[in-house]
1. 7 Å from Cα along Cα→Cβ at both MET130 and GLU164: what's the point-to-point distance in nm?
2. At 1.4 Å probe size, what's the solvent-accessible area of PHE77? Round to the nearest 10 Å².
3. Distance in nm between label sites at LEU93 and GLN156, each 7 Å beyond Cα in the beta-carbon direction?
4. Spelling out what I want: for every residue of the range 141-156, take phi, set θ = phi - 60°, compute 6.51 cos²θ - 1.76 cosθ + 1.60 (Karplus), and round to whole Hz; glycine and proline get x.
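The values are calculated or read from the model by the stated rules, or taken from the named source; none is laboratory data. Bear in mind the structure is a predicted one, so any value in this text is a computation, not a measurement. Don't worry about glycine lacking a Cβ; one is built from the backbone with ideal geometry, like all the others, and counts go over all protein chains shown. Each accessible area value is taken on the protein alone, full model and side chains, heavy atoms only, with ligands, DNA and RNA left out. Shrake-Rupley method; radii C 1.70, N 1.55, O 1.52, S 1.80 Å.
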Amino acid sequence: MGDRHAHGQHQTHPQHQLHVQQRLHHDVGGMKSQKGPSASQILAIATLLPVGGTLLCLAGITLVGTLIGLAVATPVFLLFSPVLVPATLTLGLAVAGFFTSGAFGITGLSSFSWILNYFRQGKSMVPESMEAAKRRVADAAAHLGQKTKDAGQTIQSKAQEGKEGTKTS
């Protein structure tokens, strides 16, 4: 028996072994009862992550394109300053590019925020909440469209004023 202790083996009580086995079985059983993500959560990730990522990429591409356009157009503005109408239109397009970039960025970030809050709350997707979300998105898109239309009309009226001002002088 002294040799057994030297090699790291020891005797245990049968009751102690039974208690350890019951605890191990309870712990494993407890792990089995935990649920994984539901089908609606998997569907939310599968749809919103690519949408959010795509919108963030579009925001970045739009921002870079706008900055490149401004970098190319600025020297042209300085050389050809008497041509105010194209300058006004280009400036208006640059502003529209920045607004578009911001809209894509905010939409992408809000999608990621929604996903995070969705999983923190642990709710399942209910068809009524999907319809409400669709209505909110449609309302936001209509509002953004109206704002863009208003900005375009303002730019067009200013360009028209500049064009009329150059004709009279």
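1. Once both label points are built, they end up 5.3 nm from each other.
2. 60
3. 1.6
4. Going residue by residue, I get 5, 5, 5, 5, x, 5, 4, 5, 5, 4, 5, x, 5, 5, 5, 5 Hz, with x marking Gly and Pro.
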